[in-house]
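The values are calculated or read from the model by the stated rules, or taken from the named source; none is laboratory data. On a predicted model such as this, the values are computed, not experimentally measured, just so you know. Note that each Cβ is placed from the backbone with ideal geometry, even for glycine, and that neighbours are counted across all protein chains shown. Only protein heavy atoms, including side chains, enter the accessible area calculation; ligands, DNA and RNA are left aside. Shrake-Rupley method; radii C 1.70, N 1.55, O 1.52, S 1.80 Å.
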Amino acid sequence: MKNTMYVERQWGGALVYVLAFVVLLIAAGTFLYQRYVAPQVGDVRVVLNAITGSGIDTPEESLLRATLDVDSRLEVTIFAADLPNARWLAVSERNDVLVSRPRKGDIVLLQADADGDGRAEGRVTLVDGLNMPHGIALIDNWMYIAEQDAIGRIRFDQANGVTVGPFQRVLSGLPGGGNHWAKSIAQGPDGWLYFNVGSSCNVCIEADTRRGTLMRMKPDGSNAEIYATGLRNATGFDWAPWNKALYAADISRDLLGDDYPVDELNLVVENGFYGWPYVNAYGDPDPDYGRQLPAGLDPKDPLLGIPAHTTPLGLHFVKHETLRKAFPRSALMALHGSWNRSELDGYRLEQVIWNLDGSLQTKTLIDGFWTGETLVGRPVDIAEDSQGSLYLSDDYAGAIYQLRLKGDDPAVE
């Protein structure tokens with residue numbers, strides 16, 4: 001009996017120490033969160049969306065109408081709902097809308113709006129079992145898909161909206177994982193396929209020199225090469241229809257305060273260097289790595305500073321004649337929104353205007369996804385169809401919105 005009582009006292013004493021240690025960990029964690037994390041994070045929902053892809057059920061259209069502030073030239077409908085983690089877009093020849101869902105590992109086809117009500121007529125999963133698929137490009141009856149560590153393709157019959165045969169990887173061994181795994185892909189005017197390779201970290205000198213770059217390859221996967229460097233996470237890029245120049249929106253580093261450094265819109269040229277991780281926008285040496293800038297690297301300034309941490313993702317130059325009349329010399333840019341500001345910012349669709357004198361200006365087309373109290377969406381990517389309708393993905397609300405011009409004769413700005 002004495003031995004039993006002694007053992008019980010031992011376990012009782014150990015339990016007290018364990019409980020005290022747990023309480024200490026919780027207190028320390030709470031202090032560290034309040035001291036270092038909370039001032040940088042505006043809303044835990046945004047952090048969870050960024051890390052896990054989680055979100056909310058698609059809001060009712062009536063709520064969106066009451067919440068969103070939409071440019072008077074546009075009307076917005078929910079083209080498709082209940083698509084968790086809807087990310088990058090492509091539109092087929094018959095105006096079906098293709099959507100990548102990285103966390104689900106699939107590509108979904110939304111059947112074209114046949115009756116003009118702004119809704120998809122149906123949906124079907126085209127490809128699944130992929131490794132975090134993101135960018136989609138439709139070229140010569142092939143559907144190219146950018147996974148986090150490879151570029152692959154599958155035969156795609158655009159006229160009937162079906163795939164044919166197996167998915168084949170044409171370029172493997174790309175660096176995946178890390179902070180910025182998502183890869184977009186698009187064909188340039190030169191026929192090459194361009195794709196981004198984001199950084200593995202917030203700020204660091206990468207061991208793999210492909211990180212923090214835009215790359216390109218031939219459509220068969222050959223001749224893969226680095227095209228431009230110093231681009232931390234240039235997920236959104238497109239070519240201007242009037243001069244075929246390549247522009248990319250780049251997401252700058254975090255954890256240097258609410259308003260620094262600004263995100264960037266860059267004119268990207270072959271062999272250009274755009275600063276990361278050594279220099280932030282407009283030649284400002286980075287406090288961590290500014291002194292390690294290699295000799296001979298001359299960082300190019302951005303064309304446009306975008307408010308810090310607003311996270312520009314999709315970038316799309318309008319091409320249809322009616323859209324170009326309504327939005328001349330313009331690209332649309334989706335600001336996904338901040339995760340590390342004490343006051344949230346972003347969560348809107350912007351028009352970027354190239355003035356004839358070379359200057360750029362912006363105009364907000366859709367705002368109100370963040371109301372100051374409620375978060376109803378996070379814009380991701382923009383695409384357009386052959387009829388001049390626009391599509392906007394939202395990975396937080398799990399939705400694709402259709403944006404149409406009001407009336408037959410859009411006003412010219």
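In the set (1) within 21 Å of Pro166 (Cα to Cα); (2) under 23 Å from the mean Cα position of the chain (by Cα), the condition left unmet by Asp140 is number (2).
Under the condition of being aliphatic (A, V, I, L, M) and not in a loop (DSSP other than H, G, I, E, B), which residue from the range 361-381 is surrounded by the fewest Cβ atoms within 10 Å (Cβ to Cβ)?
This residue is Leu375.
For the criterion of being open to solvent by 10 Å² or more (accessible area, probe 1.4 Å), within 20 Å of Val376 (Cα to Cα) and of a type in the set (A, V, I, L, M, F, W, C), Val76 passes.
The set of residues in the range 382-393 that are outside any loop (DSSP other than H, G, I, E, B) and under 23 Å from Asn243 (Cα atoms) comprises Ile382, Ala383, Glu384, Leu390.
Taking the range 340-360 as the range and being hydrophobic (A, V, I, L, M, F, W, C) and surrounded by fewer than 12 Cβ atoms within 10 Å (Cβ to Cβ) as the test, only Leu356 passes. Residues that are under 25 Å from Ala245 (Cβ atoms) and not small (Gly, Ala, Ser) within the range 325-347 comprise Lys325, Phe327, Pro328, Arg329, Leu332, Met333, Leu335, His336, listed in sequence order.
Restricting the search to strands (runs of 3 or more DSSP E) fully inside the range 100-180 and requiring at least 1 residues that are more than 30 Å from Thr77 (Cβ to Cβ), open to solvent by less than 30 Å² (accessible area, probe 1.4 Å) and touching a Ser or Thr at 6+ places or on another chain (Cβ under 9 Å) gives 151-157, 162-171. Exactly one of these conditions fails for Ala66: (1) aliphatic (A, V, I, L, M); (2) in a strand (DSSP E or B); (3) within 27 Å of Thr374 (Cβ to Cβ). Give me its number. Single failed check for Ala66: (2). The residues listed here are Ala308, Ala331; of these, the one that is in a loop (DSSP other than H, G, I, E, B) and of a type in the set (A, V, I, L, M, F, W, C) is Ala308.
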